[in-house]
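Data block below; observations after.
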Amino acid sequence: MLHLDHIAVVAENLEDGRRWVEGILGVPLQQGGKHDRFGTHNYLLGLGPDLYFEVIAKDPNAAPTGRPTWFGLDHFRGAPRLGNWICSADDYDAALDSAPKTVGPALSLSRDDITWQLTAPDDGNLPFDGAFPSLIRWGEGVVPPPAKLPDQGVRLTKWEVHHPKASDIAKQVTMVDDRVVWVDGPQGFRAEFDTPAGTKVLT
């Protein structure tokens, strides 16, 4: 069984992404960190006790990594937008075995005292343009970000996955979450949030 772990906004420039999200949701994001292996950096927002949100972009000051950037950021152009969703699993190894091969291998990553594994295709592109989630497993003893981020009263109430083959992809994603809705149509995402200022939408 899969469970929502976090959702991601992709941006050409991290500060542009932060301003876009803060302008809609009305709460400040928290400084995240750098991912040296992929040359990216991020901002974070807690969405309750077991879910969080990130804005991620390429870090212009990062050293060359020698590999494509994850989340398809090498080819991303345009305004910030929802770009990916990441799920944990009750049985991570079984989830990897049953996932489409295009999800890529599970890479072992670390930053400071945090360790985790995350699927990342070798070419940097997301499976089904992101409609199939990336798969994450936090390291033993690691406290995931939601437990460390301040609660600013923002909650995800709906996560729509749009794709021409959404109905088929949904059959490969084993999860029970009323917030996740599959929509056949042009690829993209739509998220609804309950915030202190009311319902807000990101796409």
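If you go through the stretch 1-49 and keep only what is among the acidic types (Asp, Glu) and within 22 Å of SER110 (Cβ to Cβ), you end up with ASP5, ASP36. For first residues located in the stretch 125-149 and over 29 Å from LYS171 (Cβ atoms), partners that are of a type in the set (A, V, I, L, M) and modelled with pLDDT under 95 and lie 6+ apart or on another chain with Cβ distances below 8 Å form the pairs GLY139/ILE114; VAL142/ILE114.
Would you call VAL143 surrounded by 17 or more Cβ atoms within 10 Å (Cβ to Cβ) and within 24 Å of ARG179 (Cβ to Cβ)? In short, no. For the stretch 16-66, which residues satisfy the criterion of being touching a residue at least 24 places away in the same chain (Cβ under 8 Å) and farther than 24 Å from ILE136 by Cα? Once the filter is applied, which keeps residues that are touching a residue at least 24 places away in the same chain (Cβ under 8 Å) and farther than 24 Å from ILE136 by Cα, the stretch 16-66 yields ASP16, TRP20, ILE24, LEU25, GLY26, VAL27, PRO28, ALA63, PRO64. Figure legend. Inter-residue proximity from the stretch 186-203: first residues closer than 18 Å to GLY83 by Cβ and among the β-branched types (Val, Ile, Thr), second residues surrounded by fewer than 16 Cβ atoms within 10 Å (Cβ to Cβ) and at pLDDT below 95, beta-carbon distance below 9 Å, spacing 6+ or different chains. No pairs are indicated.
Please find, within the stretch 93-110, the residue that is surrounded by the fewest Cβ atoms within 10 Å (Cβ to Cβ) out of those that are out of contact with any Asp or Glu (no Cβ under 7 Å at 6 or more places or on another chain) and assigned to a loop (DSSP other than H, G, I, E, B). First the steps, then the outcome.
Just the residues of the stretch 93-110 that are out of contact with any Asp or Glu (no Cβ under 7 Å at 6 or more places or on another chain), to begin with: 93-103, 105-110.
This time we only want the ones that are assigned to a loop (DSSP other than H, G, I, E, B), so: 99-100, 105.
Numbers: ALA99: 21, PRO100: 11, PRO105: 13.
Result: PRO100.
Any chance the stretch 169-182 includes a residue that's of a type in the set (Asp, Glu) and crowded, with 16+ Cβ neighbours inside 10 Å? Checked the stretch 169-182: no residue is of a type in the set (Asp, Glu) and crowded, with 16+ Cβ neighbours inside 10 Å.
Here are some residues: ASP122, ASP151, ASP113, ASP90. Which one is surrounded by fewer than 17 Cβ atoms within 10 Å (Cβ to Cβ), closer than 14 Å to PHE71 by Cα and over 15 Å from the mean Cα position of the chain (by Cα)? Before the answer, list the steps.
Numbers: ASP151 fails: closer than 14 Å to PHE71 by Cα; ASP113 fails: closer than 14 Å to PHE71 by Cα; ASP90 fails: closer than 14 Å to PHE71 by Cα.
Selected residue: ASP122, the only one of ASP122, ASP151, ASP113, ASP90 that is surrounded by fewer than 17 Cβ atoms within 10 Å (Cβ to Cβ), closer than 14 Å to PHE71 by Cα and over 15 Å from the mean Cα position of the chain (by Cα).
Filtering the stretch 35-66 to residues that are over 15 Å from the mean Cα position of the chain (by Cα) and charged (D, E, K, R) leaves ASP36, ARG37, ASP59.
Answer yes or no as to whether GLY26 is modelled with pLDDT of 95 or more, surrounded by fewer than 21 Cβ atoms within 10 Å (Cβ to Cβ) and in contact with a helix residue (DSSP H, G or I) (Cβ under 8 Å, 6 or more places away or on another chain). Considered against the rule, which asks whether it is modelled with pLDDT of 95 or more, surrounded by fewer than 21 Cβ atoms within 10 Å (Cβ to Cβ) and in contact with a helix residue (DSSP H, G or I) (Cβ under 8 Å, 6 or more places away or on another chain), GLY26 comes out as no. List pairs: first residue in the stretch 83-107 and in contact (Cβ under 8 Å) with a residue 60 or more places away in the chain and within 16 Å of GLY139 (Cβ to Cβ), second residue assigned to a helix (DSSP H, G or I) and of a type in the set (A, V, I, L, M) anywhere in the structure, Cβ distance under 6 angstrom, at least six positions apart or on different chains. Listed pairs, sorted by first residue: ALA89/ALA95.
The values are calculated or read from the model by the stated rules, or taken from the named source; none is laboratory data. Computed from a prediction, not measured in an experiment: that's the story for all the values here. All Cβ positions, even for glycine, are placed from backbone atoms using ideal geometry, and neighbour counts span all protein chains on display.
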